[in-house]
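No lab work stands behind these numbers, since they all come straight from the coordinates. Quick caveat, the model's predicted, so the values are computed rather than measured. In this analysis, Cβ positions are derived from the backbone assuming ideal geometry, glycine residues included, and neighbour counts consider all displayed protein chains.
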Amino acid sequence: MLKLLVCVSGGGTNLQAILDAIDAGRISGARVEYVISNNAGAYALQRARENGIEAICLSPRDFESREAFNDAFVEKVKALAPDLIVLAGFLVAVPQALVEAFPNRIINIHPSLIPSFCGVGYYGLRVHEAALARGVRVTGATVHFVDGGMDTGPIILQKAVEVRPEDTAKSLQRRVMEEAEWQILPRAIDLIANGRVSVEEGKVRIK
Ligand code: GAR
């Protein structure tokens with residue numbers, strides 16, 4: 001049974017999608033053991049508690065420096081010893097030491113088709129604002145492994161979503177979640193939990 005640590009910053013609808021997929025048997029061989037948030041007010045922490053999952057808050061605000069926060073974060077995660085770390089709307093740059101300690105064992109959901117609208121400054125609603133400003137006809141979501149860069153790691157799954165003429169950033173964000181994120185994130189976890197994902201020469205292979 002793969003022990004999951006899910007890291008969240010906000011509402012936690014992707015966390016909910018993972019929990020629902022486990023309940024429905026769409027994810028087998030994995031369970032959410034811990035949820036960590038950088039934000040004490042994150043609704044995701046409440047979702048975790050309601051589901052009997054250990055919910056932990058580690059906020060950069062409670063530390064003297066970013067370095068001190070990073071050290072505490074890495075130490076905590078190492079102590080929890082998860083098999084897979086899932087960044088599900090975690091809007092904090094993951095410390096390099098964590099990436100080194102968990103190579104190809106950290107995955108992230110990003111609300112665009114990488115390499116479009118990703119990297120520094122592209123998170124949450126901003127991604128959809130940028131997609132609308134560029135006038136793309138198709139956007140979507142990507143699940144990828146986390147490497148040393150920002151949204152640069154090997155891509156596991158992607159799903160496209162059509163942009164409608166009447167879309168606002170909010171309506172597009174919602175549809176990308178419903179039609180793409182809540183499907184491909186649980187699917188990627190199921191594939192990994194069942195030993196079907198490998199990384200070869202920087203690219204993902206799915207058996
Ligand atoms: C999701 O849309 C996720 O893709 C995005 O934050 C939202 C979190 O929603 N992540 C990023 O932008 C990462 N760069 P949720 O808390 O309801 O799951």
Value of [θ]222 nm, deg cm²/dmol, for the chain, DSSP H segments ≥ 4, -39500 (n - 2.57) each, nearest 500 | -10000 deg cm²/dmol
Could you give the length gained on full extension between Asn51 and Thr168, defined as 0.36 nm per residue of separation minus the Cα-Cα distance, in nm?
-> 38.8 nm
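With Kirkwood's inverse mean 1/r over C-alpha pairs for Rh, give me the Rg to Rh ratio of the chain, two decimals please.
Reported Rg/Rh (Cα atoms, Kirkwood Rh): 0.95.
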Relative contact order of the chain: what whole-number percent is it, with Cα pairs under 8 angstrom and at least 6 residues apart?
-> 21 percent
List the chymotrypsin sites (Phe, Trp or Tyr not before Pro) within region 82-124 that fall in a DSSP loop (any state other than H, G, I, E or B) and whose Cβ has at most 15 other Cβ atoms within 10 Å.
-> none
Given the options Glu166, Glu178, Glu75, state which has the largest fluctuation in a GNM of the chain using a 10 Å cut-off (strictly under) for Cα springs.
-> Glu166
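Scan region 1-89 for trypsin sites (Lys or Arg not before Pro) in coil per DSSP, keeping those whose Cβ has at most 16 other Cβ atoms within 10 Å, and list them by number. Spell out each step's value before the answer.
Working: sites: Lys3, Arg26, Arg31, Arg47, Arg49, Arg61, Arg66, Lys76, Lys78; in loops: Arg26.
In loop regions of region 1-89 (DSSP not H, G, I, E or B), the sparsely surrounded trypsin sites (Lys or Arg not before Pro) are Arg26.
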Two-decimal Rg/Rh of region 91-180 from alpha-carbon positions, Kirkwood Rh?
-> 1.00
Work out, step by step, the length gained on full extension between Arg66 and Arg137: first 0.36 nm times the residue separation, then minus their alpha carbon distance; give nm to one decimal.
-> 21.7 nm
Candidates Pro186, Pro165, Pro111; GNM for the chain (alpha-carbon contacts under 10 Å) flags as most fluctuating Pro165
Would you please name the trypsin sites (Lys or Arg not before Pro) within region 158-197 that are DSSP coil residues with at most 16 other C-beta atoms within 10 Å of their C-beta?
-> Arg196
Distance between region 1-22 and region 143-192 - C-alpha centres, whole angstrom = 15 Å
Most fluctuating of Thr142, Thr13, Thr152 in the GNM of the chain (C-alpha, under 10 Å) is Thr152
The answer for the net charge of residues other than Asn51 whose Cβ lies under 11 angstrom from its Cβ, with Lys and Arg +1 and Asp and Glu -1, is -1
Nearest-20 debye value, the chain charge dipole, Cβ charges on Lys, Arg, Asp, Glu | 440 debye
